[in-house]
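The values are calculated or read from the model by the stated rules, or taken from the named source; none is laboratory data. The structure presented is a predicted model; accordingly, all values stated were derived computationally and were not measured. Cβ: placed from backbone, ideal geometry, glycine included. Neighbour counts: every protein chain shown. In case anyone asks, the SASA skips ligands and DNA or RNA and just uses the protein heavy atoms, side chains included. Shrake-Rupley method; radii C 1.70, N 1.55, O 1.52, S 1.80 Å.
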Amino acid sequence: GVLYEVVQSFPRVEENVQVDSYVSSHRWRRHSESLKSVDTNRASMGQDSSEPGGFTDLLLEEGHDNTTQIEEDTDHNYYTSRTYGPYDSTSRDLWVNIDQMEKDKVKIHGILSNTHRQAARVNLSFDFPFYGHFLREITVATGGFIYTGEVVHRMLTATQYIAPLMANFDPSVSRNSTVRYFDNGTALVVQWDHVHLQDNYNLGSFTFQATLLNDGRIIFGYKEIPVAVTQISSTNHPVKVGLSDAFVVVHRIQQIPNVRRRTIYEYHRVELQMSKITNLSAVEMIPLPTCLQFTSCGPCVTAQIGFNCSWCSKLQRCSSGFDRHRQDWVDSGCPEESKDKICEKNIDTTETPLYSTTTFLPTTTRFRVLTTTRGSTASHLPTSLPTEDDTKIALHLKDNGASTDDSAAEKKSGTLHAGLIVGILVLVLIVAAAILVTAYMYHHPTSAASLFFIEVR
């Protein structure tokens, strides 16, 4: 795997994460020659400018068919992706020309722009919905991707990422390479500008960006892609284009007191076609409804959005059981409660979902597992990168791919063992007390206790 250094130390950092995986998935693709473009509420302005640094600096080659080339890909139930070819006007509309934005809002990250395999935390000025969860912090990495996880470990490339083009980029090899970002309150744009591959500098510079909008849409824009993405070597660094999310489960280790194992399960990944990533192309990913959007039982259990939504009265939450709140869902006994889909009160179906209802084909959930082991005696997590720990590879595929913190059988067994031990201790104390009393009366025949037993006898 590839390890990343965290530029700024912040809590919840895990190190030496190793990966084991169980991967299985099905994808369905629909091709269309004339899909209508949608109103994307663009965060950009002045994209058609011909000023230096603008999107139109790169001229299209002559003699090519300039008809609309759009491919729509329904990948699982979380996002619908639309890929726009270099000859589609939407590609230019989706590109954000940072050079024309307000200069005080455009920030060049000095450390990321001059280092290799580094990542830094960036705060958002708005709530960004990602797989139905709202994020206020992300981690930008030099390798062409954004890490979205709350638990920060050094193997950021494994899961929980937004990757317009993840590869072995090294901004330090060129003075012209920068990592810039722009936040206008409704969208965050992160741009990797004129970055080179560390292991193949001669291929040329890459310029691309990722835009995160407050309605949950994610846009990848590509200005300079000097070589086919499929030809980029993954020997020294993973090459990925797409999205991924995971949930964290903490397991107690009974053999080692005060030690817990933190396991990260990748429950879904969107893999975009690398062959479609070219100069002047763009990808728009539109979020689809999830169970998390429902706030009451009735609409939750009657939802027809492609997920098996269940309501947990203890948490007052709607879920399919596979999201970032998996740990709470299992610990609160929600899987057992979800078997009965009858709400306590009358079912209220008047709640309007945030998105329109869509029917999808079934799919197989897949998991990628990252496991770290650490002690839990400290009340505060480290504020700097820890030293070598006892990381172990573990693959848990119980309960449809995810093992729980403590199974019911383990809890029952633990209770029986505790009761047996207490009973033995009580019996030993009684026997010891009887022996001591007998010995005392034997050596003190005139004592009150001895005379009492003599009189009773």
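Within region 174-211, the set of residues being crowded, with 22+ Cβ neighbours inside 10 Å, closer than 23 Å to Val2 by Cβ and of a type in the set (A, V, I, L, M, F, W, C) comprises Val179, Val190, Trp192, Val195, Leu197, Phe206, Phe208, Ala210. A count restricted to region 128-160 and to residues that are touching a helix residue (DSSP H, G or I) at 6+ places or on another chain (Cβ under 6 Å), over 23 Å from Lys107 (Cβ atoms) and among the β-branched types (Val, Ile, Thr) stands at 0.
Can you tell me which residue is modelled with the lowest pLDDT among those in region 241-262 that are under 15 Å from Thr148 (Cα atoms) and either out of contact with any Leu (no Cβ under 8 Å at 6 or more places or on another chain) or open to solvent by 30 Å² or more (accessible area, probe 1.4 Å) (or both)? It comes out as Val248.
Within region 195-220, the set of residues being in a strand (DSSP E or B) and either acidic (Asp, Glu) or farther than 23 Å from Val173 by Cβ (or both) comprises Thr211, Leu212, Leu213, Ile218, Ile219, Phe220.
From the list Gly204, Gly221, the one residue that fits, being among the small types (Gly, Ala, Ser) and free of Cβ contacts under 8 Å to residues at least 24 places away in the same chain, is Gly204. Quick check on Pro238: is it touching a residue at least 24 places away in the same chain (Cβ under 8 Å), within 30 Å of Arg154 (Cβ to Cβ) and part of a loop (DSSP other than H, G, I, E, B)? Answer is yes for this residue. Would you check which residues across region 163-173 are touching a Leu at 6+ places or on another chain (Cβ under 8 Å) and buried (at least 24 other Cβ atoms within 10 Å of the Cβ) and list them? If the condition is that a residue be touching a Leu at 6+ places or on another chain (Cβ under 8 Å) and buried (at least 24 other Cβ atoms within 10 Å of the Cβ), then Ala163, Ala167, Phe169, Pro171 are the ones that fit.
Is at least one residue of region 124-145 surrounded by fewer than 20 Cβ atoms within 10 Å (Cβ to Cβ) and at pLDDT below 95? No, because not a single residue in region 124-145 is surrounded by fewer than 20 Cβ atoms within 10 Å (Cβ to Cβ) and at pLDDT below 95. Determine the pairs where a residue that is in contact (Cβ under 8 Å) with a residue 40 or more places away in the chain, located within region 132-155, has a partner that is surrounded by 24 or more Cβ atoms within 10 Å (Cβ to Cβ) and among the polar types (S, T, N, Q) with Cβ atoms under 6 Å apart, the partner being 6 or more residues away or on another chain. Short answer, once both residue conditions are applied: Gly132/Thr290; Ile138/Thr148; Thr148/Gln160; Gly149/Gln160.
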